[in-house]
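The values are calculated or read from the model by the stated rules, or taken from the named source; none is laboratory data. Every value quoted in this text rests on a predicted model; they were computed, and no experiment measured them. Neighbour counts are summed over all protein chains in view; Cβ atoms, including those assigned to glycine, are modelled from backbone coordinates with ideal geometry. When the accessible area is computed, the model is the full protein with side chains, heavy atoms only, and any ligands, DNA or RNA have been set aside. Shrake-Rupley method; radii C 1.70, N 1.55, O 1.52, S 1.80 Å.
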Amino acid sequence: MEARLNLFGNAVAGKFMRHINSAGKVLTDSGLPHATQELVKIRASQINGCGFCTDMHTKDAAHAGETAQRLNLVAAWREATVFTDAERAALELAEEGTRLADAAGGVSEEVWANAAKYYDEDQLAALVSLIALINAYNRLNVIVQQPAGDYQPGMFG
């Protein structure tokens with residue numbers, strides 16, 4: 001399988017990717033827990049059908065010490081007992097923020113208020129930005145049909 005467009009070899013795509021990668025670094029360095037960040041990236045990528053990002057973020061999370069049990073249950077987090085209340089709030093916000101077209105009115109007040117119980121303003125800013133960013137990455141990879149499966153933790157720096 002080959003991508004429709006080489007996002008890593010095209011000058012315009014490469015320049016764009018450098019900019020959004022810089023935005024990602026800001027979020028990585030934020031006060032939002034790293035495990036929560038990976039869970040959110042995995043869940044949005046699952047919803048969007050982005051194999052490349054799902055592969056990358058499950059491997060990165062495992063490399064950082066996340067358990068196979070939790071990784072296997074991300075898609076079914078509502079029925080799983082292995083996530084904290086804060087993680088569940090972040091996953092719920094990620095789902096509503098990813099499925100904007102499915103919900104007239106976007107993210108509900110209830111979901112926002114629940115997330116705000118667990119995260120301070122800076123963490124909420126990082127969480128919202130992370131949801132937007134992973135959705136952008138997902139769309140890039142899904143549109144060009146970026147193949148999944150070959151990612152190795154740390155291969156992008």
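For Ser30, what is the net charge nearby, where nearby means another residue's Cβ is under 13 Å from its Cβ and Lys, Arg count +1, Asp, Glu -1?
Residues near Ser30 contribute -3 overall.
Percent of alpha carbon pairs in the range 1-133 separated by more than 24 Å? Don't skip to the answer; put the middle values down first.
Working: 2728 of 8778 pairs.
Result for the distance tail: 31 percent.
If the chain between Gln69 and Phe156 were fully stretched, how many nm would it gain, using 0.36 nm times the residue separation less the Cα-Cα distance? Provide the component values of the computation, followed by the final result.
Details: separation 87, 0.36 × 87 = 31.32 nm, distance 2.60 nm.
Length difference between fully extended and current span is 28.7 nm.
At a probe radius of 1.4 Å, what is the per-residue accessible area of Arg18, in Å² to the nearest 10?
150 Å²
Take a quick pass over the chain and tell me how many lysine pairs come in under 21 angstrom between Cα atoms, counting only ones 8 or more apart or on separate chains.
Taking the Cα cut-off of 21 Å, the pair count is 5.
For Lys41, Lys15, Lys59, Lys117, give me the order by solvent-accessible area with a 1.4 Å probe, most accessible first, ignoring ligands, DNA and RNA.
The ranking, largest first, comes out as Lys117, Lys15, Lys59, Lys41.
For the chain, what does -39500 (n - 2.57) per DSSP helix run (n ≥ 4), summed and divided by total residues, give at 222 nm, in deg cm²/dmol to the nearest 500? Display every interim value, and only then the final one.
On the way: 7 runs with 100 residues, N = 157.
Computed mean residue ellipticity for the chain: -20500 deg cm²/dmol.
With a probe of 1.4 Å, find how much accessible area the chain has per residue, and write the answer as a whole number in Å².
Each residue of the chain exposes 55 Å² on average to a 1.4 Å probe.
If you roll a 1.4 angstrom probe over the protein chains with everything in place, what fraction of the accessible area of the chain belongs to carbon and sulfur, to the nearest %?
55 percent
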